[in-house]
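Down below is the structure, laid out as C-alpha cells.
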Amino acid sequence: MLAVVSLVVALLALVLVAPLWRERLGRRTRDGEAPLPEDVLGLRQEVAALRAEGRQALKHLAIVRYDAFGDMGGHLSWTLAVADDAGDGVLLTSIHGRSDARSYAKTIKHWRCEVQLSPEEEQALGQLRR
C-alpha cells in the first residue's frame, strides 16, 4: 500500500515539476551543466529563482488511514494530501471495500477545497497546514 502511495506521489511530482525542469534543461552547456553567473547580481538572481522554485515544491504532506466501512478492518482506506507553501496541491483518496476500491482526487487551492470533503479528508487537510 505504501508503495502505491509513493508511486502516486512520485508521478504527481513529475507532472507538476516537469515544465520547470524543461525550462532549466534548455539553459545547459555542452557538458550538461547549467552555467553559473560569475557576477554577484547574477548569483543573487539565481538564488532568487531557486527560492521561487522551492516555494512551488510539494513539501507539505499528510496521510490518514482508516476503515471506510464498519465490517472491514486493517485501515486499508486512505487519504493523502500534498501541497506547496501557498497551500496549492491535491487530496488523493482511496476507499477500499470488499469487492472494489475507488479513488478520488480533489484540488486544493490556498489550503481550501471547493468540493465537499469527508471527515478523513478534512483531517488530512488539517494535518497538512501544521
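What follows is calculated from the coordinates using simple rules that are stated; it is not laboratory data. Predicted, not measured: the structure shown is a model, and the values here were computed from it. Note that each Cβ is placed from the backbone with ideal geometry, even for glycine, and that neighbours are counted across all protein chains shown.
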Measuring from label point to label point, each 7 Å out along Cα→Cβ, what is the GLU46 to ASP67 span in nm? 5.6
In nm, the gap between the two label points placed 7 Å beyond Cα toward Cβ at ALA101 and ASP84 is 2.9
Of the trypsin sites (Lys or Arg not before Pro) in region 45-94, those whose Cβ has at most 13 other Cβ within 10 Å and which sit in DSSP loop: LYS59
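Provide the gained length on full extension for the span ARG112 to ASP39, in nm with one decimal, where the gain is 0.36 nm per separating residue minus the Cα-Cα distance.
On the way: separation 73, 0.36 × 73 = 26.28 nm, distance 4.19 nm.
Going from the current span to full extension adds 22.1 nm.
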Identify the GluC sites (Glu not before Pro) of region 31-128 meeting these criteria: DSSP loop state and at most 15 other C-beta atoms within 10 Å of the C-beta. GLU33, GLU38, GLU114
